[in-house]
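Enquirer: Let me give you the structure first, and then I'll get to my questions.
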Amino acid sequence: MPVGIFRVCLLVITAIVNHPLFFSSKENGTVPENTEEIIQKMKEREESLRLEQLRLEQEIAEQEATQKALEEAALVVEESKEEKVRWDMWTALSMVIFLLIELWRQDFQEGNWQDIGGEEDDMAVLGKAFKGVAFPNKAVLASFYEKRILGTTGDMARMREMVEGFADDLLEALRSVCNRDADMEVEDCVGVGSMYENWRVRKPFVCDLIVPFAPPEPYCFRCQTWCSGDSSPPDEQGYGTIKVCRADEDVTGCICDKTKLGEDMLCLLHSQANATRPSSEMEDLLCYKSTQYLDADQVMKWFQIAVTKAWNRISHKYEFDLSFSLLDSPGALKIKFKSGKSIAFNLTPVVQYENSDVYFISHFPRSSLAADVPSSTHWFLTFAVYERRFIHLVSKTLPANACHVSCLQILSFLHGKQCSLTGPSGLTNYHLKTVMLHLLQARPSQDWAPEKLEARLQDMLKFLEKCLHEKKLNHFFIGNGKVPAELGFPIIFQRAEPLNLFRPFVLYRDVYRKTVDTFHEMLRNMSALINEYTVHIPLAHTNGIRKESL
């Protein structure tokens with residue numbers, strides 16, 4: 001144990017004696033210099049680390065700036081999109097406000113802007129307005145129909161027979177005076193309209209006859225309607241064009257007639273003689289100048305001259321005079337007897353559409369509602385033959401002495417009488433007939449029994465009021481997919497968009513307002529207009545009939 005303690009003490013003493021700080025030697029003299037060098041290097045290292053830190057901080061700042069710039073750019077793009085959407089919304093809203101202001105301004109200028117709401121409110125509740133209308137009962141209507149309308153049927157039959165016989169003779173003479181090799185070929189006339197559908201009531205009675213014609217050989221007509229090609233402007237709906245072509249010319253199979261080939265190119269299918277026809281030749285075929293399209297004005301001029309020549313040939317056979325009666329209706333003719341009496345009828349040339357009974361009519365009776373014809377090469381389409389055929393077909397399924405024709409006759413009489421008192425309106429007899437055609441298709445056959453005359457007449461008035469309120473009365477045939485197949489009606493017109501006969505009411509507000517006023521005035525005057533032509537019926541008898549109807 002003491003030996004061990006001694007050894008430890010010796011080791012400690014030896015370590016203390018040999019510590020370098022106790023002796024001043026050469027090697028130990030460099031300690032301070034090394035320390036300063038280390039400190040200097042540490043300072044340099046610290047400086048380099050500081051510079052590196054600054055560089056890294058700068059790079060981080062640049063990256064943050066770049067990221068911020070990208071975020072700001074994305075935010076600007078997003079704001080621009082939102083601003084564009086807001087701008088589009090404001091633009092659309094501004095346009096709507098502008099249109100509303102323009103419509104309001106027009107109404108204000110007319111001085112009727114305060115009356116629009118009240119007028120449409122009255123029309124929207126015509127069912128309520130009927131409560132204030134003294135509507136004639138069955139007995140009064142039956143008496144009126146028997147006294148005022150039924151007696152005219154015999155007069156119409158005699159007049160039709162006389163006019164048809166004379167028209168056949170006149171057309172036969174027309175064929176004899178025409179050049180068969182150069183002039184149009186005229187076919188037999190066809191009777192259409194109210195006189196041939198037995199519902200004409202107001203005098204003077206006027207027979208409407210259409211005369212189909214065709215070009216001389218080797219030419220033919222190529223017809224194009226508004227619904228057979230590209231979409232047409234609204235003012236051209238209901239019209240079509242007629243192109244005069246050679247019978248051996250395939251206008252649909254070759255593009256030489258649709259494109260300009262150039263002076264140094266020829267069509268191998270058509271010779272140059274056929275491709276370029278003299279303008280005088282086309283004018284002889286009654287085409288519009290420098291075109292191949294049939295001109296309605298030239299057709300009417302040719303027809304008037306031909307009718308005049310034909311009458312000069314046969315005038316010695318008759319003891320009356322024949323003349324054109326109306327300047328604005330080129331086909332209007334008048335027979336004047338020596339006694340002073342006269343008979344008026346319309347003889348209008350038409351072109352048949354393909355193999356159907358639809359016709360392009362050169363001139364159509366115009367009304368204050370009708371818009372101007374787009375041009376003289378646009379021909380109006382008439383479906384009068386199918387209308388007459390439809391009425392005849394439906395009549396076979398109706399009860400005996402059905403009241404559909406009676407309703408139309410009474411309504412036509414009332415409207416005509418009212419127009420004679422307050423002036424013409426936008427409604428025509430054709431509109432009234434269209435209303436009847438729609439109701440004939442919509443209501444069951446038994447609803448047209450003769451004892452239901454009063455109810456059906458009210459239905460026609462309410463339907464007409466609804467159409468006036470909506471400014472919409474669709475053509476019966478165009479766009480109607482329910483046309484009976486027995487009629488053989490062309491499918492192209494059934495698939496077409498419905499044609500609104502009241503579209504001009506949207507364009508001509510003054511005519512619309514006048515028409516509405518005339519209609520309301522007619523309702524108010526209905527009883528007075530009917531009683532004027534009705535024999536006196538005892539009040540007790542009238543009340544008894546009304547109780548039975550209730």
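Enquirer: Within region 147-178, restricting attention to residues that are in a loop (DSSP other than H, G, I, E, B) and modelled with pLDDT under 80, which residue is nearest to the chain's Cα centre (by Cα)?
Expert: The selected residue is Leu150.
Enquirer: Please specify each residue of region 204-238 satisfying the condition of being modelled with pLDDT of 90 or more, touching a Ser or Thr at 6+ places or on another chain (Cβ under 8 Å) and not β-branched (Val, Ile, Thr).
Expert: Result: Asp208, Leu209, Cys223, Gln224.
Enquirer: Ok, one more. I need a count of the residues in region 408-458 that are part of a helix (DSSP H, G or I) and under 19 Å from Leu501 (Cβ atoms).
Expert: 20
Enquirer: Check Phe477, Phe493 and return the single one that is under 23 Å from Leu440 (Cα atoms), open to solvent by less than 30 Å² (accessible area, probe 1.4 Å) and in a loop (DSSP other than H, G, I, E, B).
Expert: Phe477
Enquirer: Considering only region 460-472, I want to know if a residue exists there that is part of a loop (DSSP other than H, G, I, E, B), farther than 15 Å from Leu141 by Cα and within 29 Å of the chain's Cα centre (by Cα). I'd like the intermediate steps shown before the answer.
Expert: Taking region 460-472 as the starting set, the residues that turn out to be part of a loop (DSSP other than H, G, I, E, B) are 471-472.
Subset that is farther than 15 Å from Leu141 by Cα: 471-472.
Now narrow it down to the ones that are within 29 Å of the chain's Cα centre (by Cα): 471-472.
Yes, region 460-472 has at least one match.
Enquirer: So for region 528-543 (the condition being surrounded by fewer than 15 Cβ atoms within 10 Å (Cβ to Cβ), at pLDDT 90 or above and among the charged types (D, E, K, R)), does at least one residue qualify?
Expert: No, there is no match, as no residue in region 528-543 is surrounded by fewer than 15 Cβ atoms within 10 Å (Cβ to Cβ), at pLDDT 90 or above and among the charged types (D, E, K, R).
Enquirer: For region 192-240, which positions are among the aliphatic types (A, V, I, L, M) and either assigned to a strand (DSSP E or B) or open to solvent by 20 Å² or more (accessible area, probe 1.4 Å) (or both)?
Expert: Selection gives Val192, Val206, Leu209, Ile210, Val211, Ala214.
Enquirer: On to the next question. When you look at Met162, is it touching a helix residue (DSSP H, G or I) at 6+ places or on another chain (Cβ under 8 Å) and of a type in the set (A, V, I, L, M, F, W, C), yes or no?
Expert: no
Enquirer: A further question on this structure: Of these, Gln114, Gln106, which one is assigned to a loop (DSSP other than H, G, I, E, B) and either under 36 Å from the mean Cα position of the chain (by Cα) or at pLDDT 70 or above (or both)? Explain how you work it out, then say what you get.
Expert: Details: Gln106 fails: assigned to a loop (DSSP other than H, G, I, E, B).
None of the others qualify; the one that does is Gln114.
Enquirer: On to the next question. Has region 427-446 got any residue that is open to solvent by 30 Å² or more (accessible area, probe 1.4 Å) and more than 27 Å from Val483 (Cα to Cα)?
Expert: There is no residue in region 427-446 that is open to solvent by 30 Å² or more (accessible area, probe 1.4 Å) and more than 27 Å from Val483 (Cα to Cα).
The values are calculated or read from the model by the stated rules, or taken from the named source; none is laboratory data. Bear in mind that the values here come from a model prediction, so they are computed numbers and not experimental data. Cβ sites come from the backbone with ideal geometry, for glycine too, and all protein chains shown count toward neighbours. Areas reflect the complete protein model, heavy atoms only, side chains present, ligands, DNA and RNA absent. Shrake-Rupley method; radii C 1.70, N 1.55, O 1.52, S 1.80 Å.
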